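Below is one structure, written out as structure tokens, with a few remarks after it.
The values are calculated or read from the model by the stated rules, or taken from the named source; none is laboratory data. Every value quoted in this text rests on a predicted model; they were computed, and no experiment measured them. FYI the Cβ positions are ideal-geometry reconstructions off the backbone, even for glycines, and counts take in every protein chain you see.
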Amino acid sequence: MRRLLTILSLVALVAAGLAAGCQPQEEPAPTPGDDTAPAEKPEAEAPEPEKPEAEKPPTPDTADAEDEDWESLFDGKTLGQWKASDFWKPGKVTVEDGSIILSPGTGDLTGIFWGGNKSMLPKVDYEVRLEAQRVEGGDFFCALTFPYKDACASLVVGGWGGGVVGISSLGGFDASENETTNYMEFKNGQWYDIRLRVTEEKMEAWIDDEKVVDTEVGDRDVDVRIEVEASKPLGMAAWNTKSALRKIRLRRLLDE
């Protein structure tokens, strides 16, 4: 009997030991400075929001920046101080869609001239600028007549069959036969930026920033062809051609 009790006690101890071995072992808490302590995983940093690109300051348009220097001679609504030139049997002069329209008549020329105070027009040291378009036809769509001292001359754009550019007249020679003669191709329906500069010594002209006239006047006679006398002292004319004119401006060069 005593032996049986001893055996049962041993069995109980073994069973208790087995039960204790099946329990999960708790890991000891890491001690400060213990290199074996598991490193804490750093929290993932949220990506910085992309900074919007700084807007570049607008580059001022050269023409707009110069507008302060220019005096407008056409408001885009009415003829104002412009009058229809007294050519022989001219076409109609109207204002449409912000442009002055020169329509061909039964005569050869249609145009306008400055009918306002003539004393306000400078005789040298100035620029005239405008945009012109040959709407229909095949000859000059802008003969720009301008003052020079006590005389006048004309910058012809697209004359003699459509392509001649030059000054009429210098020393008795027209735009087609003096040193200012130039040739350009002009397309109907396209606007061209025309700029004329007149100083005591020189006459210069640009079309779309291309220099087309650069001449010294010297002691030569300056005059206009008799056909455009009605354009004096400042005016524009078209020859058997429908023309559109806009953005007509004047700038004095006295401060330069």
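Taking the criterion of being under 23 Å from the mean Cα position of the chain (by Cα), without any contact (Cβ under 8 Å) to a residue 24 or more places away in the chain and not in a loop (DSSP other than H, G, I, E, B), the only residue of the range 68-95 that qualifies is Glu68. When Phe113 is tested against (1) aromatic (Phe, Trp, Tyr); (2) touching a helix residue (DSSP H, G or I) at 6+ places or on another chain (Cβ under 6 Å); (3) farther than 19 Å from Glu229 by Cβ, only condition (3) is not met. Within the range 141-150, not a single residue is more than 30 Å from the chain's Cα centre (by Cα), free of Cβ contacts under 8 Å to residues at least 60 places away in the same chain and closer than 25 Å to Lys89 by Cα.
Just one of (1) out of contact with any Asp or Glu (no Cβ under 6 Å at 6 or more places or on another chain); (2) crowded, with 16+ Cβ neighbours inside 10 Å; (3) within 22 Å of Lys83 (Cβ to Cβ) fails for Trp239. It is (1).
For the range 96-116, a residue qualifies if it is within 32 Å of the chain's Cα centre (by Cα) and surrounded by fewer than 16 Cβ atoms within 10 Å (Cβ to Cβ), and the qualifying residues are Glu96, Asp97, Gly98, Gly115, Gly116.
Matching residues to (1) more than 16 Å from Ala84 (Cα to Cα); (2) touching a strand residue (DSSP E or B) at 6+ places or on another chain (Cβ under 6 Å); (3) surrounded by fewer than 17 Cβ atoms within 10 Å (Cβ to Cβ):
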position: Thr199; (1), (2), (3): yes, no, yes
position: Asp208; (1), (2), (3): yes, yes, yes
position: Asp214; (1), (2), (3): yes, yes, yes
position: Gly218; (1), (2), (3): yes, no, yes
position: Val222; (1), (2), (3): yes, yes, no
position: Ile226; (1), (2), (3): yes, no, yes
position: Leu234; (1), (2), (3): no, yes, no
position: Ser243; (1), (2), (3): no, yes, no
position: Arg249; (1), (2), (3): yes, yes, no
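Is it the case, given these coordinates, that Pro104 is modelled with pLDDT of 95 or more, within 20 Å of Gln190 (Cβ to Cβ) and in a loop (DSSP other than H, G, I, E, B)? Judged against the criteria, Pro104 is a match. For the range 161-184, filtered to residues that are of a type outside the set (Ser, Thr, Tyr) and more than 31 Å from the chain's Cα centre (by Cα), the residue that is surrounded by the fewest Cβ atoms within 10 Å (Cβ to Cβ) is Gly172.
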